[in-house]
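Since the structure comes first, as structure tokens, the remarks are kept for the end.
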Amino acid sequence: MSDNGSGFWATLKRPSAKYSLLALLSVGFIAGILFWGGFNTAMEATNTLEFCIGCHEMKDNVYQEYKTTIHYSNRTGVRAYCSDCHVPRDWGHKMMRKIQASQEVYGKIMGTISTPEKFEAKRLELAGHEWERMKGSDSRECRNSFSAMDIEKQKARASKMHKIGQDEKKTCIDCHKGIAHRKPKNMPEEEDE
């Protein structure tokens with residue numbers, strides 16, 4: 001690039017001779033809205049059940065397990081979808097999770113869980129990553145449940161355990177490993193805390 005003011009950057013810095021500043025700002029504003037709307041739409045599309053089970057690894061493995069749990073079918077008819085547990089709701093944490101998910105895309109491309117046998121071999125590692133993430137975020141995705149719970153209307157055992165969990169400031173995943181997916185077969189025994 002030369003020092004005489006010509007070149008790509010100099011062209012970008014030069015005022016427009018054809019368009020007013022208002023026209024340029026308006027076009028930039030509209031382009032920004034279209035980009036943001038498209039970006040948000042794409043982010044929300046990746047939070048759907050259909051997207052999550054779009055690859056055979058998820059459809060043939062964890063989705064089949066999920067369909068047998070209370071998260072899928074229960075007496076109230078309220079279903080918890082993949083994104084309800086695995087994707088934070090607030091924008092900043094959601095973007096961080098989406099960036100982390102790129103590792104999962106890499107795993108898909110490399111075929112690390114492409115068969116039920118490969119999936120089972122990696123299950124403990126995958127579950128460990130997710131449990132660690134949930135513990136680190138204080139089970140942020142499902143944490144609102146303590147405040148929404150009517151402990152007095154729960155069965156005796158659930159009521160007792162939720163009271164203990166609240167008193168001991170436990171996070172949901174401390175007790176609910178394996179509630180939506182089978183626990184890994186080779187999982188070490190957990191110590192009492």
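The values are calculated or read from the model by the stated rules, or taken from the named source; none is laboratory data. Given the structure is predicted, the values throughout are model-derived calculations rather than measurements. All Cβ positions, even for glycine, are placed from backbone atoms using ideal geometry, and neighbour counts span all protein chains on display.
At a glance:
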quantity: Subset of the stretch 54-95 that is of a type in the set (A, V, I, L, M) and at pLDDT below 90 - its residue that is surrounded by the fewest Cβ atoms within 10 Å (Cβ to Cβ); calculated: V78
quantity: Residue within the stretch 114-123 that is of a type in the set (A, V, I, L, M, F, W, C) and free of Cβ contacts under 8 Å to residues at least 60 places away in the same chain present; calculated: yes
quantity: When residues of the stretch 118-157 are limited to those that are among the polar types (S, T, N, Q) and within 12 Å of C85 (Cβ to Cβ), the one surrounded by the most Cβ atoms within 10 Å (Cβ to Cβ); calculated: S139
quantity: Conditions (1) part of a loop (DSSP other than H, G, I, E, B); (2) within 24 Å of M43 (Cβ to Cβ): number failed by I179; calculated: (2)
quantity: Some residue of the stretch 158-174 being touching a residue at least 40 places away in the same chain (Cβ under 8 Å) and either surrounded by 12 or more Cβ atoms within 10 Å (Cβ to Cβ) or part of a helix (DSSP H, G or I) (or both); calculated: yes
quantity: Cross-chain or 6+ apart pairs with Cβ under 9 Å, the stretch 63-87 first and over 23 Å from S137 (Cβ atoms), then aromatic (F, W, Y); calculated: Y72/Y66
